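Below you'll find the structure, written out as structure tokens, and then a few comments.
The values are calculated or read from the model by the stated rules, or taken from the named source; none is laboratory data. Because the structure is predicted, anything quoted here is derived from the model rather than measured. Here the Cβ positions follow ideal geometry from the backbone for every residue, glycine too, while neighbour counts run over all protein chains shown.
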Amino acid sequence: MSLLASALDATTYALLDWPLYHGYEPTSGTTGFPGPGSWMIFGIILMPIYVMTISWFVGNPSDEKTGLVGVLYLVGVTANMWVGMFILTVLLGLVFYGGAPSPLP
């Protein structure tokens, strides 16, 4: 490889690396169940979902098979969203912060 080609490779790498990785540490200390926003989402905003799920089994007429299908559907949608967000979080950490979020090796 010539000197010009290796200089262009180094310059290209530096130009591509500069806007993405800004040198900050990955999310140290902020991963997990953080602050009041989580309590608001899980406690207040999702209250209609909790009431709907309970009423499938407690309400009159109650059909256990339909209730279980509904619960499995909600669990599947929730798991799909959490897994997708986890993958995107790891990818964003790798691209913009130079490493995976803190609890991950």
### Query
So Gly93 clears everything in (1) over 21 Å from Ile41 (Cα atoms); (2) of a type in the set (Gly, Ala, Ser); (3) modelled with pLDDT of 85 or more except one condition, right? Which one?
(3)
### Message
Against the definition (farther than 30 Å from Leu94 by Cα and either modelled with pLDDT under 80 or under 25 Å from the mean Cα position of the chain (by Cα) (or both)), how does Ile49 come out, yes or no?
### Response
yes
#### Entry: Conditions (1) surrounded by fewer than 13 Cβ atoms within 10 Å (Cβ to Cβ); (2) touching a residue at least 12 places away in the same chain (Cβ under 8 Å); number of the one not met by Thr89
(1)
#### Entry: Given (1) surrounded by 11 or more Cβ atoms within 10 Å (Cβ to Cβ); (2) modelled with pLDDT of 85 or more, index of the condition Ala79 fails
(1)
### Task
Any chance you could count how many residues in the stretch 69-105 are farther than 21 Å from Met52 by Cα, outside any loop (DSSP other than H, G, I, E, B) and of a type in the set (A, V, I, L, M)?
9
